[in-house]
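**Q** Structure provided below as structure tokens; questions to follow.
The values are calculated or read from the model by the stated rules, or taken from the named source; none is laboratory data. What you are looking at is a predicted structure, and each value in this text was computed from that prediction instead of being measured. All Cβ positions, glycine included, derive from the backbone under ideal geometry; neighbour counts span all protein chains shown. Note: areas computed on protein heavy atoms with side chains; ligands, DNA, RNA excluded. Shrake-Rupley method; radii C 1.70, N 1.55, O 1.52, S 1.80 Å.
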Amino acid sequence: DKSDKYDSRDVERLQQDDKWVENYLIWRHDVVDDTLKMIDESFQWRKEYTVNDLSESVLPKWLFEIGALFLHGYDKEGYKLFWFKVKHHTRDPKQQLDKKKLVAFWLEHYAKRDHGKPLTVVFDMAETGISHIDLDFVRFIVNCFTDYYPNFLTKIVIFEMPWIMNAAFKIVKGWLGPDAISMLKFTNKSDVQEYISGEYLPPHMGGTDSFKYSYPPLVDDDFQTPLCENGPITSEDEHESKEEIDADTKEAGELNEAQNVNQKKMNSIEQISKSEETDKTEVKPKNAKKALTTFKGPLLHISPAEELYFGSKETGEKKCLIVLTNVTKNVVAFKVRTTAPEKYRVKPSNSSCEPGTSLDIIVSLHGGFAASLQDRFLIMAAEMDQASGAGGPELTQFWKEVPRTKVMEHRLRCHVIESSKPSSLTLKDNAFNIPAKTNEDLHIQLTHLLQINRRLEEQINRCLWFQQLSVALSLLSVTVAAFCFYLAYGQRS
């Protein structure tokens, strides 16, 4: 009813982003009126806090420097950790608005970066006391997840809450509601690793993470570059590769030529470096996962959109496929980074894509390694001048000079497929490239099917109503026509 009630960017996104709408519905248990109310409240809040325009430059630098709030590491389910170091927080009404905007900044920063992948909140309450209790600020953080960011919370891990704060958290429980209360996990040094592995816990929590917060830059995943394209090819890797090629040759004779090229490339690092151009037109390996979704960026469309599916040691799947499509009128340079370069071969990892064409990137695990939920890949892309070359030296120089603001970044997570089915069934599934579904995936699909079913019922009811109306009008028309005919016949008589 009012054009200035919401930020127009939020309205536009709501009309285009089905996943966002679906998250609102899931969070409100598919009750449409409650969903609309949440959208209305969150959109007004987003405009009040200028969420779409929050950046490092508009917030006081000291807020970032104290290190009370930041994103770092992952829990055992692969969800990002949002840390609140309570001992660094002090109550100050004059600073409260800026601190709340800092929370909104981090949540929006991550939501845009990882497309709404849920978070795990960690309240680290070690070394805290009564002076650190700020119920208004805690309530704001809770409200962000319950009222403003739909389906964005997996759990709240509270570490070593002092007994003096028990009364305060009884009040907090009253704000959460039954669904969010079930997400509260009160822990100490002996049981916190039920939810977060030691590699992402600091020593005072019983972990081995040597991470020390500092600013700048913003805390981010430790993507490493350059990423090894070929990897140290061991005899085990070579043997496995030959077995894969032999199996594929039996199943599909038409792939023989491409597989022979692959086998030759496996034999030596020198041959791989010489066949860069061949790889750009290389036939996709049959055992690489097919892309099921697409991220539509301003420079590249990237498939899959969010996750690379690798198998566990049981399922044995070791290759994934990333498809890049250049949607610009210029050559687009790209490079791939990962948080675990010792595990993966990526071919190609630093190259370019011609206008309007697609290019396949093959990601494969070294022999003996297994994919992890914590592994991440970063794809960076930027437009090149028509005059610029696309060779190795030109690309190296290009990445040194290109401004950060002109670089498109997109992150991919690893999804590890666990299977307890017999090996024959596993192989059959792999042949059809069917990724295993998590409970979350199945819940989303079921919700989507229920919504479609409800819409179809509404359409059928509408059609029946129109049908009944049409029959009634037809009968009325026949009755009127018969009556007119009767009157006309009576007058003639």
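**Q** Order 377-384, 356-363 from most to least packed using the mean count of other Cβ atoms within 10 Å.
**A** 377-384, 356-363
**Q** For region 50-151, which whole-number percentage of the solvent-accessible area (1.4 Å probe, protein heavy atoms only) is attributable to carbon and sulfur atoms?
**A** Summing carbon and sulfur atoms, their accessible area is 51 percent of the total for region 50-151.
**Q** Classify region 24-96 as rounded, prolate or oblate from the Cα gyration tensor: take a ≥ b ≥ c as the square roots of its eigenvalues, call it rounded if a/c is under 1.5, otherwise prolate when a/b beats b/c and oblate if not. Numbers along the way, then the final one.
**A** Details: a/c = 2.34, a/b = 1.41, b/c = 1.65.
Oblate, because a/c is 1.5 or more while a/b does not exceed b/c.
**Q** Let me know the shape class of region 54-205, please: from the alpha-carbon gyration tensor, a ≥ b ≥ c as square roots of the eigenvalues, rounded when a/c is under 1.5, otherwise prolate if a/b is greater than b/c, or oblate.
**A** In terms of gyration-tensor shape, rounded.
**Q** Right, something else. To the nearest 20 Debye, how big is the dipole of region 295-415 about its Cα centre, given +1 on the beta carbon of each Lys and Arg and -1 on that of each Asp and Glu?
**A** 220 debye
**Q** Shape verdict for region 295-415, please, from the Cα gyration tensor: rounded (a/c under 1.5), prolate (a/b greater than b/c) or oblate.
**A** Details: a/c = 2.25, a/b = 1.91, b/c = 1.17.
It comes out prolate by the Cα gyration axes.
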